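The values are calculated or read from the model by the stated rules, or taken from the named source; none is laboratory data. As the structure is a computational prediction, the values presented were derived from the model and not from experiment. Here the Cβ positions follow ideal geometry from the backbone for every residue, glycine too, while neighbour counts run over all protein chains shown.
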Amino acid sequence: MMLSIKRGSALFALYLSASSCSAFSVSPTILSRNNNINNNNNNVVVRSKKSRHNMFTGIVEEMGTVVSLEEREDMILWDGSKGKGTELSVKGSVVMGEAYLGCSICVSGVCLTATELDADENVFKVGLAPETLRRTYLGELKEGDVVNLER
């Protein structure tokens, strides 16, 4: 489904997959009837049917470059333990400008948490959860691939 949004003289289009449409209240009828779409600081916010969380699309700030994608045995997991996991390293100077450990950085539309920052090299690292790997193409990235970055 394509959702068109007009802001001033600019027209933006979002292409939403069938799974996104089924998870979120996205249809012109629903949006106009229930007023489920808002413009919030230049972001389009669509309310989820299943939870109070929002899906947002921001403005891509820059194109980043994949430095590495590797499986590690010593990653710190969500519960603080160490174990096997997948780590993505990306180079991007603009998003690194105000980045801090634990901040959210969106990589090609997937919101991820920065787990390591190298300000000298403009590289950040994020862990990719098994569910993220199943539902996105991020596990297929290779060194040198270009990705959209936003904060």
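Here is a list of conditions, (1) loosely packed, with under 12 Cβ neighbours inside 10 Å; (2) at pLDDT below 90, and Asp120 meets all of them except one; can you say which number that is?
Only one criterion in (1) loosely packed, with under 12 Cβ neighbours inside 10 Å; (2) at pLDDT below 90 is unmet by Asp120, namely (2).
Looking only at strands (runs of 3 or more DSSP E) that fall completely inside the stretch 89-151, which ones have 3 or more residues that are farther than 17 Å from Ile76 by Cα and more than 16 Å from the chain's Cα centre (by Cα)? Even if it seems obvious, please write down each step before you answer.
Working: elements: 104-107, 110-118, 123-128, 146-150.
Of the strands (runs of 3 or more DSSP E) lying wholly inside the stretch 89-151, none has at least 3 residues that are farther than 17 Å from Ile76 by Cα and more than 16 Å from the chain's Cα centre (by Cα).
Can you pull out the residues in the stretch 71-85 that are part of a loop (DSSP other than H, G, I, E, B) and in contact with a Gly (Cβ under 8 Å, 6 or more places away or on another chain)?
Leu77
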